[in-house]
Amino acid sequence: MGNTNNRLVIKIAGSAGQGIKTAGLIIAKTLKRAGYMTFGYTEYPSLIRGGHNVFQIEVYDENMSSVSTETDILLALDQTAINLHYRELTKTGAIIYDENAITISPDVLAELNKNEVVLYPVKLMDKAKNAGGNVLMKNTVALGGLWKVLNMELTLIQPLIEETYNKTKEMIALNLKCLKEGFESFTVSKQFVTKLSSKEEFKDNIIITGNEAIGLGAIASGVRLYISYPMTPASSILSYLASEGPKYGMIVKQAEDEITASIMSLGAAHAGTRAMCSTSGGGFDLMTESLSLAGMTEIPFVCILAQRPGPATGAPTWTAQGDLNLAVFAGHGEFPRIVIALSDASDAFYLTSEALNLADKYQTPVLVLTDKYLAESNFSIPKFNMSQIKINRGKILHTGEGDESTLRYEITDDGVSPRWFPGDKIATFLANSDEHTAKGYSTENAAEMSTMIEKRISKEKTILNYLPEPSIIGDPISSKLSIISWGSNKGVIMDAIRQLEKEGINVSYLHLTYIWPLNTASLSKYINESKNCVIVECNKTSQLACLIKRQTCLEIPKKILKYDGRPFTYEEMLSKLKALL
């Protein structure tokens, strides 16, 4: 096995419509059930139809979740797959390819032979026909061939074939025949051997994307209206909840645009319903007026902001962390907000729930940052613990708990006023977009305006006192390198740190989940104690470093930045960190 750190990398590549994602998930789920940790990463172009698609399955025997530069087995379904990926093959790797669709040139063949890459040509269509199948079953033949190369029992993958192609008994039977045909097609001249060992603890994991975990978090936390306009990479939250949400009493609606989505979310929250919306950067630009409206009226507003490269349309199906400034500073006027950055699928579930609680508790916008890499990657994680989901609706009054003298925007010590819903027999008030009094009536009185602005802004201190400290791994004083980062970089950083520690190199790591309001005390202490501090971000201008400098006056001179639409790979991160030692 060529890859380091006990990992096996399988890449399926071909044209859109060839069932690449389906095949990739079958592999990932089968290997998970066999006791391996898996991670699935997908790449596809920003096209309505067509283009080159990739699904990469990372397989480990320890807790890891990063993508590798190298490939051990390439399952190539068209010529482009060979042309683009043959140089990624590790020494002693393998290529399974469709002999009918692919020609390997003499130059490429010489290079592959030099690296001892084994070739397994197979006429996928012919084999599918031999088994009584059709063109749609070529992938099943390829999966059978892959299983032979992996030297694994066919009985491991058969249940997943049955579960995936289960529309009719005939379809199941034909796919199983195609699987066997592919398995028996190869004479494995050189056994592909890995150093991986299966573990019982991984067998009960679930495989889930970040967006699916966000959707489940919303369901578990009592969201009753999910509203959005499709925008990659947030779109699959909408499609997932459209399928699953109504089973749990959720109304799921596709709005005509992002402005409508944000206003409907605010209207529902004002009426007492837990609501949530989502978008990407361009759509969030349109939501900023609604964001300020939520700030003024103190209505809970939760929006998932799924980042992709920009500005303008940018590169819709690729990843970035370029919208941190947008989340922290968007909107006109001054009002508090909370910005949370997700790092993996577990975060996506639990922190979606926490975001909804925070919005209700502090009656303020909560923006949840994710990105394409996190949103659409397939994580293998332990099953969610529902006992950790606690619903907190905040200072909600009910009929009988107040009277006509109760003030909706009452000045309080913590800045949070009592709240009730239309129809409750408590007191009339205006949810007014103009500056207003404690009753909600419009005012332009200087003293009343100042008092209300101070009341709203005072919530920021209350929120900051509640939010947890950043998570810190290791001791910055004794570390040779101290890392600061946020969001989906966490997985690759943690994988690199584990390898550095195996090599006797001490590394500390501060990971920021709650970006705003920013906890400066522990952050400043960490930076001041660090001898060799570096920040890691997927943007060009190091937006988090700039925010930290703005709030603490501390400069982080060393930066590892990436902004080509791709996530950091494991080898890349390890190399860049070692270069700073």
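Out of LEU467, LEU481, I need the residue that is surrounded by 13 or more Cβ atoms within 10 Å (Cβ to Cβ), in contact with a Leu (Cβ under 8 Å, 6 or more places away or on another chain), modelled with pLDDT of 95 or more and among the aliphatic types (A, V, I, L, M). Which one?
After applying the criteria, what remains is LEU481.
Run down SER417, SER433 and say which single residue is outside any strand (DSSP E or B), farther than 17 Å from LYS459 by Cα and not β-branched (Val, Ile, Thr).
That would be SER433, the only listed residue that is outside any strand (DSSP E or B), farther than 17 Å from LYS459 by Cα and not β-branched (Val, Ile, Thr).
So, of the residues in the range 484-509 that are surrounded by fewer than 23 Cβ atoms within 10 Å (Cβ to Cβ) and charged (D, E, K, R), which turns out to be nearest to PRO336 (Cα to Cα)?
ARG498
Hey, can you tell me all the residues within the range 360-380 that are aromatic (Phe, Trp, Tyr) and either on the phi > 0 side of the Ramachandran plot or more than 14 Å from the chain's Cα centre (by Cα) (or both)?
TYR362
From MET276, MET264, grab the single residue that is over 22 Å from LEU544 (Cβ atoms), aliphatic (A, V, I, L, M) and in contact (Cβ under 8 Å) with a residue 60 or more places away in the chain.
Matching residue, one of MET276, MET264: MET276.
With the condition being under 25 Å from GLU289 (Cα atoms), I'd like the strands (runs of 3 or more DSSP E) fully within the range 194-269 carrying at least 2 qualifying residues.
Details: elements: 206-209, 225-228, 251-254.
Filter on the range 194-269 gives 225-228, 251-254.
GLY295: closer than 28 Å to SER450 by Cα, in a helix (DSSP H, G or I) and not hydrophobic (A, V, I, L, M, F, W, C), yes or no?
yes
I'm told GLN18 meets every condition in (1) within 20 Å of GLU212 (Cβ to Cβ); (2) modelled with pLDDT under 95 except one. Can you identify the failing condition by its number?
Every listed condition holds for GLN18 apart from (1).
Enumerate the pairs (first residue in the range 459-472 and closer than 15 Å to LYS361 by Cα; second residue anywhere and among the aliphatic types (A, V, I, L, M) and surrounded by 13 or more Cβ atoms within 10 Å (Cβ to Cβ)) with beta-carbon separation below 7 Å, excluding pairs fewer than 6 apart on the same chain, so at least 6 apart or on different chains.
Cβ pairs passing all conditions: LYS459/VAL416; THR462/VAL416; ILE463/ILE338.
Is there a residue in the range 57-76 that is assigned to a helix (DSSP H, G or I) and not aliphatic (A, V, I, L, M)?
So in the range 57-76, the residues assigned to a helix (DSSP H, G or I) come out as none.
For the range 57-76, residues assigned to a helix (DSSP H, G or I) and not aliphatic (A, V, I, L, M): absent.
Take the residues of the range 47-81 that are among the acidic types (Asp, Glu) and more than 20 Å from the chain's Cα centre (by Cα): which is surrounded by the most Cβ atoms within 10 Å (Cβ to Cβ)?
ASP72
Given the criterion surrounded by fewer than 21 Cβ atoms within 10 Å (Cβ to Cβ), in the same structural domain as GLY272 (by TED's automatic domain parsing) and in contact with a helix residue (DSSP H, G or I) (Cβ under 6 Å, 6 or more places away or on another chain), identify the matching residue among PHE349, PHE384, PHE379.
After ruling out the rest, the residue left standing is PHE384.
Working carefully through the options LYS169, LYS127, find the one that is buried (at least 21 other Cβ atoms within 10 Å of the Cβ) and not small (Gly, Ala, Ser).
None of the other options fit; the residue is LYS127.
Within the range 547-579, which residues are under 13 Å from ILE484 (Cα atoms), exposed (fewer than 14 other Cβ atoms within 10 Å of the Cβ) and of a type outside the set (D, E, K, R)?
Once the filter is applied, which keeps residues that are under 13 Å from ILE484 (Cα atoms), exposed (fewer than 14 other Cβ atoms within 10 Å of the Cβ) and of a type outside the set (D, E, K, R), the range 547-579 yields only PRO557.
So which pairs qualify, if the first residue must be in the range 126-140 and farther than 12 Å from ILE161 by Cβ and in contact (Cβ under 8 Å) with a residue 24 or more places away in the chain, the second must be of a type in the set (S, T, N, Q) and surrounded by 14 or more Cβ atoms within 10 Å (Cβ to Cβ), the Cβ gap must be under 7 Å, and the two must be at least 6 apart or on different chains?
Going by the 7 Å Cβ cut-off, the qualifying pairs are LYS127/SER185.
Looking at THR319 and the list (1) of a type in the set (S, T, N, Q); (2) surrounded by fewer than 24 Cβ atoms within 10 Å (Cβ to Cβ); (3) in a loop (DSSP other than H, G, I, E, B), which single condition is not satisfied?
Only one criterion in (1) of a type in the set (S, T, N, Q); (2) surrounded by fewer than 24 Cβ atoms within 10 Å (Cβ to Cβ); (3) in a loop (DSSP other than H, G, I, E, B) is unmet by THR319, namely (2).
Quick check on GLN18: is it closer than 17 Å to ALA142 by Cβ and surrounded by fewer than 19 Cβ atoms within 10 Å (Cβ to Cβ)?
Details: closer than 17 Å to ALA142 by Cβ: yes; surrounded by fewer than 19 Cβ atoms within 10 Å (Cβ to Cβ): no.
Taking the combined requirement at face value, the residue does not satisfy it.
Quick check on my filter: what residues within the range 109-125 are in a helix (DSSP H, G or I) and out of contact with any Asp or Glu (no Cβ under 9 Å at 6 or more places or on another chain)?
LEU109, ALA110, GLU111, LEU112, ASN113, LYS114, listed by residue number.
Are there any strands (runs of 3 or more DSSP E) wholly within the range 492-573 with 3 or more residues that are touching a residue at least 40 places away in the same chain (Cβ under 8 Å), and if so which?
507-512, 514-516, 533-537
The values are calculated or read from the model by the stated rules, or taken from the named source; none is laboratory data. Small disclaimer: the values here were computed from a predicted structure and weren't measured. Glycine gets a Cβ as well: all are built from the backbone with ideal geometry, and neighbour counts include every protein chain shown.
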